[in-house]
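Just so it is clear, none of the values below were taken in a lab; they were calculated from the coordinates. For clarity, every value in this text was computed on a predicted model and none was experimentally measured. Cβ atoms come from the backbone with ideal geometry, glycine included; neighbour counts cover every protein chain shown.
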Amino acid sequence: MTPIISVKQLSKVYESGHHALKSIDLDIRKGEIFALLGPNGAGKTTLINTICGIINPSSGTVLADGHDIITDYRAARSKIGLVPQELATDAFESVRATVALSRGIFGKPPNPAHIEKLLRQLSLWDKRDARIMTLSGGMKRRVMIAKALSHEPQILFLDEPTAGVDVVLRRDMWEMVRGLREQGVTIILTTHYIEEAEEMADRIGVIRKGEIMLVEDKKVLMQKLGKKQLTLHLQRPLAAIPADLALHTPELSLSSDGSELVYTFDAAGADTGITDLFRRLGEHRIDFKDIQSKQSSLEEIFVNLVEN
C-alpha cells in the first residue's frame, strides 16, 4: 500500500548551525494513528512543521497523498489539518466565523452543515457566537481542532493536543480521534502523555536529537522491548537474598521490608528462567503466599530507549 505520507532523507539545518532533523526516512500509512514520541528538543515539532510546509527543509522530500509539499504546496497542504501547540486564533471573532474562515482559506465552498457538525462534535455549538477571547483554554483548544478539520483533510496532525487541558476534554478528544480514524482520516500525534500513545496509537515512532530511533507497531514494540516482573509475596520476610541465589539469579531483587521478591524477565525470551527460580527458592525453603505479574508500560520502554 502506498503511504499517505512519505518522508525521504529529510534534513533541516538552521543558520545557527543547529541540525534539527538528520536524514529522516518515514512512511505513514493511510488510516492509522501514528504517535511520535521524543524528549523536549528532539525535533518533533520541527518534523511536523516541515511536513506541513511551514518550515522549508534543507534537503530531502515530503509527499502528502502523492503531492510534493514544496513543488505542489497547495494540493499537498489541502490534504493536511494541523493543530499546533500554540493557541493562535483571532480573539475578536466568533467561534463559528473563525472555523468557517479557516475552511474558506483552503478554497472550500461554504458548508454551514459541516461547520455545525464539527462544533457539535467538539461541544462548541453552545459557544458558536461567543468571541474567542471569552473562552477557556480548553475551549480554545477545541476551536483549534475545529479549524484544522474545517476543510475536511485526510491527514490530521495533533501536536501536543491535550497539553494543559482537563481530563474530561482529553477523554472527549480521544473519542473524536477514534471516530476520525473510522472515517479514514490518518492521524499523527505527538504527546508528553505517554498513556495517550499507549491508548491510541497503532504505531510508535521515537525521535531523539533529530533522528528517528525506531518505528514499530505498538504491540510488537511492547513485546520486543517490554519486560515482565514477577512479584512473590513471601510467607516470611527475608533479611537478604541468599548469596548463591543472588549470584545465579541477578534479575532478582528484595523489597526494602524483605516481604517481596521481584524477578524481572524477558517475556519473549526462549527461557524466562521462572522454573529455575522456583526450584532454587524451594532449595532454600523460601515459600510465598501470593504471586503477581506486571508488563512494562510504554512509558518505561520510552524512557529506557531515550536514556540508552
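Tabulated data for the structure shown
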| quantity | calculated |
| --- | --- |
| Relative contact order of the chain, defined on C-alpha pairs under 8 angstrom at six or more residues apart (%) | 19 |
| The range 56-123-the range 162-220 distance, computed between alpha-carbon centres (Å) | 20 |
| Burial ordering of Met213, Met133, fewest other beta-carbon atoms within 10 Å first | Met133, Met213 |
| Relative pair counts by distance (%), Cα atoms of the range 1-52, 10 Å bins | 21, 54, 21, 4 |
| Cα-derived Rg to Rh of the range 19-88, Kirkwood definition | 0.93 |
| Compactness relative to 2.2 N^0.38 Å, alpha carbon Rg of the range 51-150 | 1.18 |
| Footprinting exposure proxy for Ile51, Ile70, Ile155 (fewest neighbouring C-beta atoms within 10 Å first) | Ile70, Ile155, Ile51 |
| Antiparallel DSSP beta bridges within the chain, as percent of all bridges there, nearest 5 | 70 |
| For Ser78, Ser253, order by how many other beta-carbon atoms lie within 10 Å, fewest first | Ser253, Ser78 |
| Exposure rule at most 15 other beta-carbon atoms within 10 Å, DSSP loop GluC sites (Glu not before Pro): the chain longest free segment | 87-250 |
| Inverse of mean 1/r across different Cα pairs in the chain, Kirkwood, Å | 22.2 |
| The range 227-295 shape via C-alpha gyration tensor axes, a/c threshold 1.5 | prolate |
| Square roots of 5 times each gyration tensor eigenvalue, C-alpha, the range 63-107, largest first, Å | 25, 12, 7 |
